[in-house]
Amino acid sequence: KTIASLIFSDINTKVYYVSLGSFDTHVAQEGQQKRLFTELNDAVKAFTDDLKQNGRFNDVMMMTFSEFGRRIKSTSGLGSDHGYAAPMFLFGTKVTGGIIGSNPILPVSCTVSDNIDMQYDFRQIYYSIMKRWLCQDSTSLQQIMLQNFDEVNICNNTDCAPLGRPAFVNEQN
């Protein structure tokens with residue numbers, strides 16, 4: 001609700017960050033993750049409903065991410081340890097629909113130590129969002145990211161058309 005209110009106020013902020021903790025599920029993972037994903041689902045639904053009701057849904061791209069992935073196989077405590085790969089979800093009308101990447105092939109005899117390899121470096125996603133959604137030029141991207149990354153087709157705003165309403169309206173007479 002707070003982020004939606006800030007968007008509706010047209011302040012000149014391009015990125016907002018909200019945290020949902022406790023995904024570090026080393027034990028009893030199933031119940032914790034069900035509760036957390038329900039909370040995430042409810043929050044995204046309430047946020048998108050607010051945006052739609054106020055005519056601002058087309059102005060926003062949402063992304064979920066985690067600072068770590070999980071391992072393939074559960075431990076004896078029915079949880080999982082930190083792993084390499086993790087899914088990212090992007091929402092919005094300008095997001096290229098569908099799944100990017102392919103389902104991993106899991107080894108039949110995996111252990112609690114096995115990981116799923118990353119298909120995309122998270123920096124490729126950030127680079128693509130900054131270029132295609134936030135319309136950063138190549139020079140700025142090089143300064144921000146410290147190197148160039150291959151783009152990922154995650155956004156239909158490839159011509160970097162102005163998105164949304166202006167941050168400030170000059171009403172001088």
Q) Applying the selection to the range 125-157, what residues are more than 20 Å from residue 67 (Cβ to Cβ), among the hydroxyl-bearing types (Ser, Thr, Tyr) and at pLDDT 90 or above? A) 139, 140
**Q.** In the range 69-81, the residues that are open to solvent by 40 Å² or more (accessible area, probe 1.4 Å), assigned to a loop (DSSP other than H, G, I, E, B) and in contact with a strand residue (DSSP E or B) (Cβ under 7 Å, 6 or more places away or on another chain)
**A.** 71
Q | Residues of the range 82-105 satisfying the condition of being open to solvent by 90 Å² or more (accessible area, probe 1.4 Å) and over 19 Å from the mean Cα position of the chain (by Cα) | A | 105
Q) Given the structure, is residue 66 in a loop (DSSP other than H, G, I, E, B), open to solvent by less than 60 Å² (accessible area, probe 1.4 Å) and closer than 30 Å to residue 5 by Cβ? A) yes
Q: Please indicate, with yes or no, whether at least one residue in the range 103-121 is closer than 27 Å to residue 5 by Cα and without any contact (Cβ under 8 Å) to a residue 60 or more places away in the chain.
A: no
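The values are calculated or read from the model by the stated rules, or taken from the named source; none is laboratory data. Treat the numbers as computed from the prediction; the structure is a model and nothing was measured. Ideal geometry is used to build each Cβ from the backbone, glycine not excepted, and the neighbour counts take in all protein chains shown. What goes into the accessible areas is simple: the full protein's heavy atoms, side chains included, and nothing from ligands, DNA or RNA. Shrake-Rupley method; radii C 1.70, N 1.55, O 1.52, S 1.80 Å.
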